[in-house]
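The values are calculated or read from the model by the stated rules, or taken from the named source; none is laboratory data. The model shown is predicted, which means the values in this text are computed figures rather than measured ones. Virtual Cβ from ideal backbone geometry, glycine too; neighbours counted across all protein chains shown.
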Amino acid sequence: MTSAVGVVALGIAYLACLIIGLASLPSPRDPIADPWFTVLEILILAMMPFMVALMVSVHAWSARQNKVQSMAAIVFMALVAVITSAVHFAILTLSRHEAFRDMGWLFSFSWPSVVYALDILAWDLFFPLSVLFAVPVFKRGRLENGIRIMLGISGVLALAGLAGVFLNDMQVRNIGIVGYAVVFPVAAALIGILFWGAELSEGEG
């Protein structure tokens, strides 16, 4: 429940800052500027432990026949956490350093750049793999059906954002952002409700 609450709370904060940051841009193709960019970086770093812990909880919840899929969900979410944490920590600590200030090809979130490519790898490939592997875990009752649907939509939208690379159009990648920044927190909230209901039932038992 704690991991689900963390994902939802930080996800709402991230989405709010993202909307404000995008609304403040002079052009939709410009990268988000400070202070919103820095706030988003910090929120992503804070969110990663909760997202991994949530998938660990899903693995613990899963039935024996779904343990392979739920373990795969943990592995891919851990890859998301490692890659995106390295990317955003490096941006926060090094991109403003004088020695790296002119290395836009490395640290810029304008396509193409190294950190942008790595972030796409994390969020538009490994993230959808993680949530899609978690889908089969939830299959009992209306609430779990809702979780399964939200996870499926989140994964498909995030994976669709990968098309932006092949089309050389990062506006297309916004489809993926909807998947992990809007739909996934809804799925996490439903998972938290499921765990809360299970704990209440156990307490009553």
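If residue 145 satisfies all but one of (1) under 13 Å from the mean Cα position of the chain (by Cα); (2) free of Cβ contacts under 8 Å to residues at least 12 places away in the same chain, what's the number of the condition it fails?
Result: residue 145 passes all but (1).
What are the residue pairs meeting all of these: first residue in region 34-49, first residue acidic (Asp, Glu), second residue assigned to a helix (DSSP H, G or I), Cβ atoms under 7 Å, and 6 or more apart or on different chains?
Final answer for the pair search is 41/88; 41/91; 41/92.
Being crowded, with 18+ Cβ neighbours inside 10 Å and over 18 Å from residue 155 (Cα atoms) is the filter here, so list the residues in region 54-65 that pass it.
Hits for region 54-65 are 57, 62.
Determine which single condition residue 116 fails, assuming it passes every other condition in (1) at pLDDT below 95; (2) hydroxyl-bearing (Ser, Thr, Tyr); (3) touching a helix residue (DSSP H, G or I) at 6+ places or on another chain (Cβ under 7 Å).
Of the numbered conditions (1) at pLDDT below 95; (2) hydroxyl-bearing (Ser, Thr, Tyr); (3) touching a helix residue (DSSP H, G or I) at 6+ places or on another chain (Cβ under 7 Å), the odd one out for residue 116 is (3).
Quick check on this structure: which one of 190, 194, 151, 129 is free of Cβ contacts under 8 Å to residues at least 40 places away in the same chain, in a helix (DSSP H, G or I) and crowded, with 17+ Cβ neighbours inside 10 Å?
That would be 151, the only listed residue that is free of Cβ contacts under 8 Å to residues at least 40 places away in the same chain, in a helix (DSSP H, G or I) and crowded, with 17+ Cβ neighbours inside 10 Å.
For a quick check of your reading of the model, give me the residue pairs whose first member lies in region 107-121 and is on the phi < 0 side of the Ramachandran plot, whose second is surrounded by fewer than 16 Cβ atoms within 10 Å (Cβ to Cβ) and of a type in the set (S, T, N, Q), with beta-carbon atoms closer than 9 Å and at least 6 apart or on different chains.
111/168; 112/168; 116/110
For region 158-178, enumerate the residues that are buried (at least 19 other Cβ atoms within 10 Å of the Cβ), within 22 Å of residue 25 (Cβ to Cβ) and within 13 Å of the chain's Cα centre (by Cα).
Hits for region 158-178 are 161, 176.
Would you point out the residue of region 1-36, among those that are among the small types (Gly, Ala, Ser) and loosely packed, with under 14 Cβ neighbours inside 10 Å, that is nearest to residue 195 (Cα to Cα)?
16
Residue 149: more than 30 Å from residue 35 (Cβ to Cβ), modelled with pLDDT of 90 or more and among the β-branched types (Val, Ile, Thr), yes or no?
Considered against the rule, which asks whether it is more than 30 Å from residue 35 (Cβ to Cβ), modelled with pLDDT of 90 or more and among the β-branched types (Val, Ile, Thr), residue 149 comes out as yes.
Suppose we keep only residues that are among the aliphatic types (A, V, I, L, M) and surrounded by fewer than 18 Cβ atoms within 10 Å (Cβ to Cβ) within region 41-52. Which one would you say is farthest from residue 3 (Cα to Cα)?
Here the answer is 42.
Considering region 113-171 alone, what residues qualify as being within 14 Å of residue 76 (Cα to Cα) and of a type in the set (Gly, Ala, Ser)?
122, 130, 134, 155, 158 - these are the residues of region 113-171 that are within 14 Å of residue 76 (Cα to Cα) and of a type in the set (Gly, Ala, Ser).
Looking at (1) touching a Gly at 6+ places or on another chain (Cβ under 9 Å); (2) modelled with pLDDT of 95 or more; (3) of a type in the set (Phe, Trp, Tyr), can you tell me which one residue 126 breaks?
(1)
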